[in-house]
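Structure first, then comments.
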Amino acid sequence: MEPLIVSRMPSGEPEIFASIQGEGASAGLPSTFLRLAVCNLRCSWCDTAYTWDWANFDRAAQTMLLATDEAAGRMEALAPRNAVITGGEPLIQRRQLAPLAEALRERGFRLEVETNGTIAPGPLAGLIDQFNVSPKLESSGNQGLRRIDLVVLREFVDTGRAFFKFVVSAPGDIAEAAAIAEAAGQPRERVILMPEGRTPEELRERSGWLAESCTREGFRFSSRLHVLIWGDRRGV
C-alpha cells in the first residue's frame, strides 16, 4: 500500500496531534489532526508553507513517508474521535487517503478533510463526514494557477457534506466569495467567511467589519481559535 507523504515536526515525528478544531463549521470540537505535505497552490499568506515551499524549506527535513496503518495507529492513540486531515492539499493523496479513511471509520472516528477545492473527492466522497472546502480568492496570490474549478466545487456541494470557507483579507473579497459560492450552487448558510491573520492582532483588526458583513449578507463567520489561543505555533 502506497505510504502517505506527511509533514514532519521539528522533533522528527509526523505532524499528528490533538487539539481543538480552530476554524469553520466545527470550530471548538476536540480533534485529532493529521497534516499531509505537498500542495498545488501557492497562497501568499499560507501558514503551512513548510509543507510545499521547497525554495525556502528543506523537503527532506519537513516531510516523511508514513504507512497508512501507522498513521491510523498514531491517531487512535490520541483521545479525540473527530479526525481532521489537513495539509498542504490532502486530495493530492486521495488514493492513499481512502484506505486511511476506511481504517479510521472502523476505529470509530468522524472524519473531516480540509481542501482548496481544486481536486474532486473521488473515492473519498462516501467516506468523509465533512469537507471543509476553502476556494482561494484573487487576493491569495495564486496568479497563473487554477485556483477555482466550478465543476469540482459543484461535486463537493452535491455530496451534501461540504462547507465553503473563504479567507478574507479585505472587504472587496466578500463579493468574489459570494459570486463563487453562487456559481457553485452552495447556499449561503453553508458559506463561512474567515479573516486572514496569523496573529491575534491581525484577526481582531479584520473580525469586526467581517462579522458585520456576515450579519448583513447571511454568511457564517469564523475566527481562528488556535491562533487566538496559541498564536502561530505548530502542533496545536
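Observations, loosely collected:
- Where Ile5 falls short, out of the listed (1) in contact with a helix residue (DSSP H, G or I) (Cβ under 7 Å, 6 or more places away or on another chain); (2) not in a strand (DSSP E or B): (2)
- Scope the stretch 28-40; condition surrounded by fewer than 18 Cβ atoms within 10 Å (Cβ to Cβ) and either among the β-branched types (Val, Ile, Thr) or more than 19 Å from Phe17 (Cβ to Cβ) (or both); matching residues: Asn40
- Ala25 open to solvent by less than 50 Å² (accessible area, probe 1.4 Å) and outside any strand (DSSP E or B): yes
- Under the condition of being polar (S, T, N, Q) and more than 18 Å from Arg110 (Cα to Cα), the residues counted in the stretch 80-95 number 1.
- Within the stretch 208-225, being in a helix (DSSP H, G or I), open to solvent by 50 Å² or more (accessible area, probe 1.4 Å) and under 25 Å from Leu29 (Cβ atoms) holds for Thr215, Leu225.
The values are calculated or read from the model by the stated rules, or taken from the named source; none is laboratory data. Just so we're clear, the structure is a prediction, and the values are computed from it rather than from any experiment. All Cβ positions, even for glycine, are placed from backbone atoms using ideal geometry, and neighbour counts span all protein chains on display. Just so you know, the surface numbers come from the protein's heavy atoms only, side chains and all, with ligands and any DNA or RNA stripped out. Shrake-Rupley method; radii C 1.70, N 1.55, O 1.52, S 1.80 Å.
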